[in-house]
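Trainee: Take a look at the following structure, please.
The values are calculated or read from the model by the stated rules, or taken from the named source; none is laboratory data. Every value quoted in this text rests on a predicted model; they were computed, and no experiment measured them. We place every Cβ from the backbone using ideal geometry, glycine too, and count neighbours over all the protein chains shown. Just the protein is used for accessible areas: all its heavy atoms, side chains included, with ligands, DNA and RNA removed. Shrake-Rupley method; radii C 1.70, N 1.55, O 1.52, S 1.80 Å.
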Amino acid sequence: METTFKQILKLESIKLINYKTFVILVLVFAAILLLAFLSLQSFVSNITVNQNNSNVPPLELFKVYRFPDIWQNFTYFAGHLKIFPAFIIIIIITNEFTFNTQRQLIISGLSRNKYVLGKISVVFMLSALITIFVALSALILGLFHNTGDYSQIFSRKLLFIPVFLLELFTYLNLAALFASIFRKTGLALMAFLLYMIMIERIIAFYLPEKIETFLPLKAIANLIPLPNSPLFQLFGVSFAEHTAVQDVITCLVYNAIFITAILFISHKRNL
Amino acid sequence: MEEILNINGLSKKYGRIQALNNFSLTVKRGEVWGILGPNGSGKTTTLGIILGAINCDQGNFTWFGQPISPVNLKRTGALLEHPNFYPYLSAEKNLELIAILRNVDSLEIERVLRFVNLYERRKHRFQTFSLGMKQRLAIASAMLGSPEVLILDEPTNGLDPTGIAEIRALISKLAAEGTTIILASHLLDEVQKVCSHAAVLSKGNNLFSGNVSEVLNQQDIIEVASENLTKLTEAISLYPGFSSCRTLPSHIEVVFTEKTDPALINTFLFEQGIVCSHLALRKKSLEKYYLELLNSKIAQKVK
Ligand SMILES: Nc1ncnc2c1ncn2[C@@H]1O[C@H](COP(=O)(O)OP(=O)(O)OP(=O)(O)O)[C@@H](O)[C@H]1O
Ligand SMILES: [Mg+2]
């Protein structure tokens with residue numbers, strides 16, 4: 001009998017729910033996110049206050065928790081912490097090589113394609129879980145600081161939530177690809193960090209600006225533009241208000257590339 | 001009889017090392033094959049290939065007459081090299097994963113855990129197990145759902161004497177029930193005790209494959225003693241099929257070129273006027289045969 005998707009999900013969930021390291025890392029990440037969201041206003045106001053000290057005309061306070069901007073503010077800010085779940089994904093995937101359990105599953109009758117499908121499902125679930133957490137935090141904190149106008153909750157900016165899901169999914173798939181290539185936890189983590197901090201930047205340096213935006217991390221970062229604050233408006237700088245379709249397409253294409261590469265590697269390798 | 005596994009000219013190279021060279025083998029239902037060979041001779045490589053874990057360079061193989069697929073891998077239970085489990089999961093949870101994957105009833109988990117004497121420790125994490133216990137869990141995992149074929153790569157590795165005896169008894173029992181078994185080992189004694197067939201590998205080359213009892217029967221040794229060993233030697237050398245004879249202080253050892261019956265020898269000697277004080281048939285150990293085989297092939301290569 002062929003393995004069903006339900007069986008695959010059951011296998012992955014047993015592996016993760018009983019893995020203390022995973023549960024703790026997820027909870028720690030949730031705590032970090034929550035703490036960051038709660039202190040976001042004072043953090044941003046601090047910058048504004050500093051500005052006021054130097055003889056600049058007083059700025060309108062940048063209200064972080066105001067609907068509908070909160071959707072963008074929270075997703076933009078949370079996007080800067082996505083390295084944390086990337087580490088979790090790298091640990092989960094390289095563990096299967098370290099423990100040699102991938103081999104055991106495959107000789108027990110799990111196809112390589114379905115093994116990869118299981119891992120991509122985990123990437124998707126983790127992305128979805130974080131997205132839901134960020135969306136709920138935004139909704140609750142937004143309502144808490146709300147001054148009465150609920151009509152602004154549902155605006156075009158709500159689209160930043162699914163876009164955030166795409167951002168995480170693409171980024172975590174890239175991490176999964178690094179894990180499949182390097183197989184050892186430490187090595188994969190280092191290679192991923194190195195790529196983030198240096199390699200892509202070096203590549204970008206030699207590319208024309210037009211093409212540079214198509215590099216994976218660039219395209220992922222471009223999905224959610226920097227929120228326009230009164231501070232930036234003061235300097236006459238204004239960022240895009242919405243996600244560009246081009247970036248969405250680029251990220252979708254990257255997902256296809258990453259998943260195909262992971263599948264290719266898993267078929268070529270001896271276990 | 002139905003062909004379970006058909007291996008045809010498998011070869012595998014790791015860089016410059018020829019791990020397996022043009023290996024062919026046919027396993028039929030109910031046979032118990034021992035794959036024998038010293039360390040690094042290609043046993044694990046062979047099993048890894050037929051289980052789909054290692055890609056081969058040349059050759060092909062079929063399971064149940066079909067190309068390898070996840071569906072026919074679910075009809076085989078395998079232990080490949082080391083026991084591989086999630087260290088943070090309990091014995092029970094680790095088996096549950098395999099049971100879910102293979103659509104095996106969860107009641108099976110208790111049965112196999114009891115069988116390998118790990119039931120009391122079922123709630124304990126795999127990482128807290130001793131080597132022998134890990135090995136037992138791996139055997140339990142391979143047995144889960146009573147697959148038609150068992151593939152065991154050094155199943156008694158790391159086990160205590162009781163464990164070794166139990167596993168051998170298990171293999172014999174499963175074989176008697178009709179399970180087809182492929183067992184890799186460098187313990188010749190093990191293969192001799194439980195296998196019906198053997199394939200000998202050396203540096204990836206298949207030196208011999210065939211029926212174990214045939215090999216052994218051709219190599220029977222008869223121990224005989226009587227009052228006068230010189231007279232006895234003279235007499236027995238006239239027996240049809242006599243090959244060679246070695247005189248020891250208390251008795252002589254005789255080897256015949258074909259299968260012989262001790263009762264007939266006794267009658268023959270009695271007719272010559274010799275009364276035997278001792279007459280015994282001793283199977284030549286496969287180990288001796290195996291070492292001779294390895295040496296002769298190595299000698300051939302040197303020439
Ligand atoms: N992943 C690998 N990379 C490189 N060489 C390998 C690899 N796996 C096996 N080999 C080589 O292939 C040859 C056969 O190895 P294999 O593991 O099949 O031997 P084995 O008969 O199972 O030995 P043992 O009795 O020690 O388990 C050896 O020379 C080994 O060094
Ligand atoms: Mg081996």
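Trainee: With respect to A:TYR65, determine if the residue is at pLDDT below 95, more than 18 Å from B:TYR88 (Cβ to Cβ) and open to solvent by less than 40 Å² (accessible area, probe 1.4 Å). So that I can check it myself, show each step before the final result.
Mentor: Working: at pLDDT below 95: yes; more than 18 Å from B:TYR88 (Cβ to Cβ): yes; open to solvent by less than 40 Å² (accessible area, probe 1.4 Å): yes.
Yes; evaluated as a whole, the condition is true for this residue.
Trainee: Take A:THR131 and decide whether it is polar (S, T, N, Q) and within 18 Å of A:ILE262 (Cβ to Cβ).
Mentor: Values: polar (S, T, N, Q): yes; within 18 Å of A:ILE262 (Cβ to Cβ): no.
Criteria not met by A:THR131.
Trainee: Inspect all residues belonging to segment A:112-123 and state whether any of them is open to solvent by 10 Å² or more (accessible area, probe 1.4 Å), more than 14 Å from every other protein chain (Cβ to nearest Cβ) and at positive phi.
Mentor: no
Trainee: For the subset of segment A:127-161 comprising residues that are over 18 Å from A:ASN73 (Cα atoms) and in contact (Cβ under 8 Å) with a residue 60 or more places away in the chain, which member is farthest from the chain's Cα centre (by Cα)?
Mentor: Of everything passing the filter in segment A:127-161, A:ASP149 is farthest from the chain's Cα centre (by Cα).
Trainee: Related question: So A:LEU174 clears everything in (1) open to solvent by 40 Å² or more (accessible area, probe 1.4 Å); (2) in a helix (DSSP H, G or I) except one condition, right? Which one?
Mentor: Tallying (1) open to solvent by 40 Å² or more (accessible area, probe 1.4 Å); (2) in a helix (DSSP H, G or I), A:LEU174 fails exactly one: (1).
Trainee: When the residues of segment B:13-71 are filtered to those that are more than 17 Å from the chain's Cα centre (by Cα), part of a strand (DSSP E or B) and among the aliphatic types (A, V, I, L, M), which remaining residue is farthest from B:ILE181 (Cα to Cα)?
Mentor: B:ILE17
Trainee: Something else about it: Any residue at all in segment B:71-94 that is surrounded by 21 or more Cβ atoms within 10 Å (Cβ to Cβ) and either hydroxyl-bearing (Ser, Thr, Tyr) or more than 14 Å from chain A (Cβ to nearest Cβ) (or both)?
Mentor: Looking for residues that are surrounded by 21 or more Cβ atoms within 10 Å (Cβ to Cβ) and either hydroxyl-bearing (Ser, Thr, Tyr) or more than 14 Å from chain A (Cβ to nearest Cβ) (or both), one finds at least one in segment B:71-94, hence yes.
Trainee: What number goes with the only condition from (1) away from ligand 1 (no atom under 12 Å from the Cβ); (2) farther than 18 Å from B:SER209 by Cα; (3) touching a helix residue (DSSP H, G or I) at 6+ places or on another chain (Cβ under 9 Å); (4) not in a loop (DSSP other than H, G, I, E, B) that B:ILE7 does not pass?
Mentor: Just one mismatch for B:ILE7, condition (2).
Trainee: Another question, then. Please indicate, with yes or no, whether at least one residue in segment B:96-104 is open to solvent by 60 Å² or more (accessible area, probe 1.4 Å), within 14 Å of chain A (Cβ to nearest Cβ) and either in contact with a Ser or Thr (Cβ under 7 Å, 6 or more places away or on another chain) or under 26 Å from A:GLU2 (Cα atoms) (or both). Full working, then the answer.
Mentor: Keep residues of segment B:96-104 that are open to solvent by 60 Å² or more (accessible area, probe 1.4 Å), which gives B:103.
From the residues that got through so far, the ones that are within 14 Å of chain A (Cβ to nearest Cβ) too are B:103.
With either in contact with a Ser or Thr (Cβ under 7 Å, 6 or more places away or on another chain) or under 26 Å from A:GLU2 (Cα atoms) (or both) added as a condition, the list becomes B:103.
Within segment B:96-104 (the criterion being open to solvent by 60 Å² or more (accessible area, probe 1.4 Å), within 14 Å of chain A (Cβ to nearest Cβ) and either in contact with a Ser or Thr (Cβ under 7 Å, 6 or more places away or on another chain) or under 26 Å from A:GLU2 (Cα atoms) (or both)), the answer is yes, since at least one residue qualifies.
Trainee: I need the helices (runs of 4 or more DSSP H) fully contained in segment B:120-199, keeping only those with at least 2 residues that are within 16 Å of ligand 1 (Cβ to nearest atom) and out of contact with any helix residue (DSSP H, G or I) (no Cβ under 7 Å at 6 or more places or on another chain). Reasoning before the result, please.
Mentor: Values: elements: B:131-143, B:161-176, B:188-194.
Helices (runs of 4 or more DSSP H) meeting the threshold: B:131-143.
Trainee: Follow-up. Name, by its number, the condition in (1) modelled with pLDDT of 95 or more; (2) closer than 21 Å to A:SER111 by Cα; (3) more than 7 Å from every other protein chain (Cβ to nearest Cβ); (4) open to solvent by 30 Å² or more (accessible area, probe 1.4 Å) that does not hold for B:GLU120.
Mentor: Status for B:GLU120: all satisfied but (2).
Trainee: Can you find even one residue in segment B:205-212 that is outside any strand (DSSP E or B) and either open to solvent by 50 Å² or more (accessible area, probe 1.4 Å) or within 16 Å of ligand 1 (Cβ to nearest atom) (or both)? Lay out the reasoning, then the answer.
Mentor: To start, the set of residues in segment B:205-212 that are outside any strand (DSSP E or B) comprises B:212.
Filter once more, so that each one left must be either open to solvent by 50 Å² or more (accessible area, probe 1.4 Å) or within 16 Å of ligand 1 (Cβ to nearest atom) (or both): none.
Within segment B:205-212, not a single residue is outside any strand (DSSP E or B) and either open to solvent by 50 Å² or more (accessible area, probe 1.4 Å) or within 16 Å of ligand 1 (Cβ to nearest atom) (or both).
Trainee: If a residue must be in a loop (DSSP other than H, G, I, E, B), among the hydrophobic types (A, V, I, L, M, F, W, C) and over 19 Å from B:ALA263 (Cβ atoms), how many such residues does segment B:222-248 contain?
Mentor: Looking only at segment B:222-248, we keep the residues that are in a loop (DSSP other than H, G, I, E, B), and these are B:226-228, B:237-241, B:248.
Filter once more, keeping what is among the hydrophobic types (A, V, I, L, M, F, W, C): B:238, B:248.
Subsequent filtering for residues that are over 19 Å from B:ALA263 (Cβ atoms) retains B:248.
Qualifying residue count for the region: 1.
Trainee: Also, I was wondering about something else. For segment B:72-83, what are the residues that are over 19 Å from the mean Cα position of the chain (by Cα), part of a loop (DSSP other than H, G, I, E, B) and under 12 Å from A:ILE106 (Cα atoms)?
Mentor: The answer is B:LYS74, and nothing else.
Trainee: Let me ask something else about it. Conditions first: (1) within 16 Å of ligand 1 (Cβ to nearest atom); (2) more than 17 Å from A:ASN270 (Cα to Cα). B:GLU81 passes all but one, so which condition is the exception?
Mentor: Among (1) within 16 Å of ligand 1 (Cβ to nearest atom); (2) more than 17 Å from A:ASN270 (Cα to Cα), B:GLU81 violates only (2).
Trainee: Which count do you get for residues in segment A:232-264 that are touching a helix residue (DSSP H, G or I) at 6+ places or on another chain (Cβ under 7 Å), at pLDDT 85 or above and either of a type in the set (Ser, Thr, Tyr) or not in a helix (DSSP H, G or I) (or both)?
Mentor: 2
Trainee: Can you confirm whether segment B:27-44 contains a residue that is among the aliphatic types (A, V, I, L, M), within 16 Å of ligand 1 (Cβ to nearest atom), under 25 Å from B:TYR290 (Cβ atoms) and buried (at least 18 other Cβ atoms within 10 Å of the Cβ)? Quick ask: steps written out before the conclusion?
Mentor: Just the residues of segment B:27-44 that are among the aliphatic types (A, V, I, L, M), to begin with: B:27, B:32, B:35-36.
Checking which are within 16 Å of ligand 1 (Cβ to nearest atom) leaves us with B:35-36.
Add one more test, that the residue is under 25 Å from B:TYR290 (Cβ atoms), and what stays is B:35-36.
Next cut, buried (at least 18 other Cβ atoms within 10 Å of the Cβ) only: B:35-36.
Yes, segment B:27-44 contains at least one residue that is among the aliphatic types (A, V, I, L, M), within 16 Å of ligand 1 (Cβ to nearest atom), under 25 Å from B:TYR290 (Cβ atoms) and buried (at least 18 other Cβ atoms within 10 Å of the Cβ).
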